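Asker: Quick one: the structure is below, and I'll ask about it shortly.
No value in this document is a laboratory result; all are computed from the given coordinates. Worth saying up front: this structure is predicted, and the values here are computed from it rather than measured. Methodologically, a virtual Cβ is constructed for each residue, glycine included, from the backbone with ideal geometry; neighbour enumeration extends over all protein chains shown.
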Amino acid sequence: MPDYALELSNLSRHFYLKNGAFKEPTLLKAVDGISLRIRPGETLGLVGESGCGKSTLAKMILGLLEPTDGDVLVNDKVRGASSRLAMARQLQPIFQDPYSSLNPRKTIEKIIRLPLQLHKVGDSNSQRKAVKEISDLVGLPERLLKQYPGQLSGGQRQRVAIARALILRPSILVCDEPTSALDVSVQAQILNLLMDLKKELNLTYLFISHNLGVVEHLVDRVAVMYRGKLVEQGTREEIFHHAKHPYTQALLSSVLTPDPALGVPEVLDSSSWDKAS
Amino acid sequence: MSNLTLTANSSITSLPAVPEWRRIMNRFLGHRGLMIGSVILAVIILAALFAPWLAPHDPYVQNVSQRMIPPIWHDKGTWNHILGTDKLGRDYLSRLLYGARISLTIGISAAVISGLIGTTLGVLAGYFGGRVDAVISYIITTRLALPVVLVALAMASLVGGSLQTVIVLLGLLLWDRFAVVARSTTQQLRDAEFIASAKVLGASTPYILIRELLPNILSALIVVMTLEMAHAILLEAALSFLGIGVQPPSPSWGLMVAEGKSYMFFQPWVIAIPGVALMVLVLAINLVGDGLRDMNAPEGRS
């Protein structure tokens, strides 16, 4: 058992934004020196507003983007040191948009089976059996396997994406806003499914979201990101009830509540936490 | 209350799924232009394939005593030569049937060659972007700056005209539209999450390009292919008419027009028949292309 399922050490990614031919490019520190540790079996929620670098961070963890500096360690091994195939067996993503994460020209069965084919696991019979098993596990009716993604609903598509991510039995899932493209009622189903799967398969989750309600519902620990930096991290209890950093407090107070007496959250003034960070 | 629970519990069963081929068939039958175009095209393809059995005479045999017999709808027409004979007494219908083979061969081969070149360049430029895109875009721009007919004329007169020359020349000249279309469709798809997902799974770049990306841009490329086929057929006719395309005695339609041009005022059918054949073939291919484009259009598709 590794000490940490996922460890980020001083991870950074900088972009240069061009300002035309004669001007100096501006430096954008999308992710700026982030260190994080997730223990096996733990669920870490990563929250922050749009554009704070959450998705850039996810891309680096998945190996879709090279870090400018720092390392990603998966099960105590540096990401770049092992092959893509070896990494794929340990860590899989669930993307935000189930409408673009499935190839529209392939049947559901082919989509879920692709990881087994790429990794040359078993013969075609055992692969087909594995597809049926995993579809069963994620609550996907067998009749849908012969259909194309265009014929499925958003919730069904996200179940397909989860099945594809789990068929290689990875230990870590990186969920990048897995429910934000779905209906509210379907969101709950998918979140419950993710929680059930976690118990059943003993998974580790990195759960990226801007929706604090979702995060509070399922994570053990929370990390708060602002402008590429980690401003605060702690247990769910600490962050949601005893937040120290002014940005975290502002983020918490901006959650829309069903209580009409509270009204719409105020527009926040960022000067207080800009100084603090 | 009991009613409410009933509706909530009864699972919403989806309608029996209409099979994919059935939907495609319905759309195909519902599109008049596509129907007409594919029927004409099918007839011409069959005529070309079965030319040796359909042709009443050998297209190459000359018979000077039988020269310039008019087609059947003229007073002097005979059933022996339904579309008449040319100035060397060769049967016009037979030459027309064999000519369809040349037009189709050139159209298909040139479109396939240019399709391979253009798609490869376009997909690479669109997928990798950056410097690769800059170089390939420069090549595309250079190609677009060349006048096709002029370059084809110059090269064909340099190398010497023949069926193979025309195919290779047109294949090397007509890839620009494939490249442009492949590049832009690839750019739209390269950031799609299913591509990212294949990358994370450890798929190789060739696998991603060929198995994940290509099927999604193929429908657009097929439309381009029909247009380029028609383009190639017309260019072949033009080159043959100018005498540097397919060489006599091959029965190319463009060549038939060229050989008949001195008779056009007194026996207009000599150029009208191959001319109409060319027009009908190109029209049919364009109708099919337009129809395929409409069938791939997003509206009316679930």
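Asker: Averaging over every viewing direction, what projected area does the convex hull of the Cα atoms of chain A cover, in nm²?
Answerer: Computing the convex hull of the Cα atoms and averaging its projections yields 17.5 nm².
Asker: Follow-up question, since we're still on this one. Would you mind checking the tilt of helix A:124-137 against the longest principal axis of the Cα atoms of chain A, expressed as 0 to 90 degrees and rounded to 10?
Answerer: 50 degrees
Asker: Right, next: Compute the helix-to-body angle for B:163-173: its Cα long axis versus the longest principal axis of chain B, expressed 0 to 90° and rounded to tens.
Answerer: Taking Cα atoms only, the helix is inclined about 40 degrees.
Asker: Let me check I've understood the local charge: for A:E66, count other residues with C-beta under 15 angstrom from its C-beta, Lys and Arg +1, Asp and Glu -1. What total comes out?
Answerer: Charge balance in the 15 Å sphere: +3.
Asker: Once the other residues with Cβ under 13 Å from the Cβ of A:R143 are scored (Lys, Arg +1; Asp, Glu -1), what is the net sum?
Answerer: Summing Lys and Arg as +1 and Asp and Glu as -1 gives -1.
Asker: To continue, here is another question. Taking each pair of distinct Cα atoms in segment B:57-213 once, what is the resulting Kirkwood hydrodynamic radius in Å?
Answerer: When all Cα pairs of segment B:57-213 are included, the Kirkwood radius is 19.3 Å.
Asker: Provide, for q = 0.08, 0.16 Å⁻¹, the log10 of I(q)/I(0) from a solvent-free Debye sum over equal Cα point scatterers in chain B.
Answerer: Taken in order of the listed q values, log10 I(q)/I(0) reads -0.49, -1.26.
Asker: With only Lys, Arg, Asp and Glu charged, each at its Cβ (+1 for the first two, -1 for the last two), find how big the charge dipole of the protein assembly as shown is about the Cα centre; round to the nearest 20 debye.
Answerer: 1320 debye
Asker: Using only the alpha-carbon atoms, how far is helix B:130-145 inclined from the longest principal axis of chain B? Give it as 0 to 90 degrees, nearest 10.
Answerer: For B:130-145 against chain B, the angle is about 20 degrees.
Asker: Most fluctuating residue of A:G155, A:G213, A:G41 in a GNM of chain A with Cα springs under 10 Å: which is it?
Answerer: Between A:G155, A:G213, A:G41, it is A:G213 that shows the largest mean-square fluctuation.
Asker: Can you tell me, using C-alpha contacts under 8 Å and at least 6 residues apart, the relative contact order of segment A:210-252 as a whole percent?
Answerer: Computed value for segment A:210-252: 30 percent relative contact order.
Asker: Shifting gears a bit: Evaluate the relative contact order of chain A (contact order divided by residue number), counting alpha-carbon pairs under 8 angstrom at least 6 apart; express in whole percent.
Answerer: Across chain A, relative contact order equals 23 percent.
Asker: Given the options A:S253, A:L212, B:V181, identify the residue whose Cα lies farthest towards the positive end of the charge dipole of the protein assembly as shown (+1 on Cβ of Lys, Arg; -1 on Cβ of Asp, Glu).
Answerer: It is B:V181, whose Cα lies furthest towards the positive end.
Asker: Next up: Counting other C-beta atoms within 10 Å, and keeping those with at most 14, which DSSP coil trypsin sites (Lys or Arg not before Pro) do you find in segment A:120-158?
Answerer: Those that pass, being in a loop and sparsely packed, are A:K120.
Asker: Within 12 Å, Cβ to Cβ, of B:L189, how many net charges do the neighbouring residues add up to if Lys/Arg are +1 and Asp/Glu are -1?
Answerer: Once positives and negatives cancel, what remains is 0.
Asker: What are the chymotrypsin sites (Phe, Trp or Tyr not before Pro) within segment B:72-141 that DSSP puts in a loop, where the Cβ has at most 16 other Cβ atoms within 10 Å?
Answerer: Here the sparse-neighbourhood loop sites are B:W73, B:W79.
Asker: To make sure I understand the rule: partners must be lysines, Cα under 22 Å from the Cα of A:K229, and not fewer than 8 residues away in the same chain. Which ones qualify?
Answerer: A:K229 reaches A:K29, A:K54, A:K59, A:K244, A:K275.
Asker: Could you compute the longest span of chain B free of trypsin sites (Lys or Arg not before Pro) located in DSSP loops and having at most 13 other Cβ atoms within 10 Å, not counting the site residues?
Answerer: Counting at most 13 other Cβ atoms within 10 Å as exposed, the longest clean stretch of chain B is B:77-300.
Asker: Which whole-number percent is the relative contact order of segment A:97-169 (Cα, under 8 Å, 6+ apart)?
Answerer: 49 percent
Asker: Run the reach check for A:K23 against lysines, Cα to Cα strictly under 22 Å, same-chain hits fewer than 8 apart removed. What comes back?
Answerer: Of all the lysines, none pass the test against A:K23 - Cα under 22 Å, at least 8 places apart if same chain.
Asker: Students often forget the sequence filter, so: which lysines lie under 22 Å Cα-Cα from A:K110 once same-chain residues fewer than 8 apart are removed?
Answerer: List returned: A:K120, A:K129, A:K132, A:K146, B:K199.
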